[in-house]
Every structure is written in structure tokens, then in C-alpha cells.
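What follows is one structure encoded as C-alpha cells, with my remarks underneath.
The values are calculated or read from the model by the stated rules, or taken from the named source; none is laboratory data. Quantities reported herein were computed from a predicted structural model and do not represent experimental measurements. Using ideal geometry, Cβ is built from the backbone for each residue, glycine included, and neighbour counts are taken over all protein chains shown. All accessible areas refer to the heavy atoms of the entire protein, side chains included, with ligands and DNA or RNA removed. Shrake-Rupley method; radii C 1.70, N 1.55, O 1.52, S 1.80 Å.
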Amino acid sequence: MSGSDENAGAESTSKVSGVISTLGPASGILGLGGLLGFCSGIAAKKAGKVAAVAIGLIFAIFQVAAYFGYVTINWKKVESDFTKLVDVNKDGKADEKDLQKAMDSVNEVLSKNVPSGSAGFATGFYLGFKKG
């Protein structure tokens, strides 16, 4: 076995140990719903990172194009459309209340019919999102 193979194995073992130590005390309480929530939380965090990179790259490309005079960006229109898109509670502004309502909706959809109920799923999701 080469040194890099041993390092990869050690890294994998440490990640598993980290997950076990995170879920360890709560694993009996959380059950299947908690495990599914944990996995969903990790996936959500990874997807969020990919989305952030994509949005950042698109922004940079448009800014460079605007800088060199290829396009003109109507930022007031972009901001207005963005607010309409993320204003879940329709109060005219994008704020933490919209984020909370969106997270509640995601939790409701993902935890529907999960054997351990939504509390285990939500706790697992939080732990997975934090760990991932």
C-alpha cells in the first residue's frame, strides 16, 4: 500500500469518526429520519456551495462584459426581480423571515412520511448541514 493510499484511508476513517461523534449521542433518538436528515443536510450544503460558485462566476463574467462596454446591466431591475423571487412571505423585502419560511417549507417537504417524524429529520438536517 502506498503512502497516499494510507493517507486516503486515514482521512476516510477520520471523516467517519467525525460523523459518528457528531451523531453518536443522538443516533438512537434520531433514528432513520435523523440519518436521512443528516444526509440531506450534507447534500444541501454541497449544493449551496456549487450554486454560490456558479452565481459568483456568472456575476464576474457579466461585470467584466459591462466594464468593457459589451453590455449594460440594469441593476435596479435585477434587484427588483431578485426580491420578487426570494420574497416568500410577499412583504416586499427579502429578509430572515423569508429564509425561515423557505426552510420550513423545505423541512415539510423532505420530512413528509419519514418514519421518525420531522423532529428527527430536522435535527439530522441541521447536524448534516453544519458538518458537511
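Here is how the numbers come out for the structure above:
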item: Filter pass, Lys101 being over 17 Å from Ser40 (Cα atoms), basic (Lys, Arg) and open to solvent by less than 100 Å² (accessible area, probe 1.4 Å); result: yes
item: Any chance Asp91 is open to solvent by less than 60 Å² (accessible area, probe 1.4 Å) and without any contact (Cβ under 8 Å) to a residue 12 or more places away in the chain; result: no
item: Condition check for Leu127: assigned to a helix (DSSP H, G or I), open to solvent by less than 50 Å² (accessible area, probe 1.4 Å) and closer than 20 Å to Gly34 by Cα; result: yes
item: Any hit, the range 97-117, residues being assigned to a loop (DSSP other than H, G, I, E, B) and more than 17 Å from Gly34 (Cβ to Cβ); result: no
item: Number of positions in the range 32-89 that are over 25 Å from Val109 (Cα atoms) and in a helix (DSSP H, G or I); result: 22
item: Residues of the range 54-88 that turn out to be touching a Lys or Arg at 6+ places or on another chain (Cβ under 9 Å) and either hydroxyl-bearing (Ser, Thr, Tyr) or surrounded by fewer than 11 Cβ atoms within 10 Å (Cβ to Cβ) (or both), as a count; result: 1
item: Pairs with Cβ under 8 Å, 6+ apart, first in the range 58-83 and within 25 Å of Leu99 (Cα to Cα), second loosely packed, with under 10 Cβ neighbours inside 10 Å; result: Thr83/Gly92
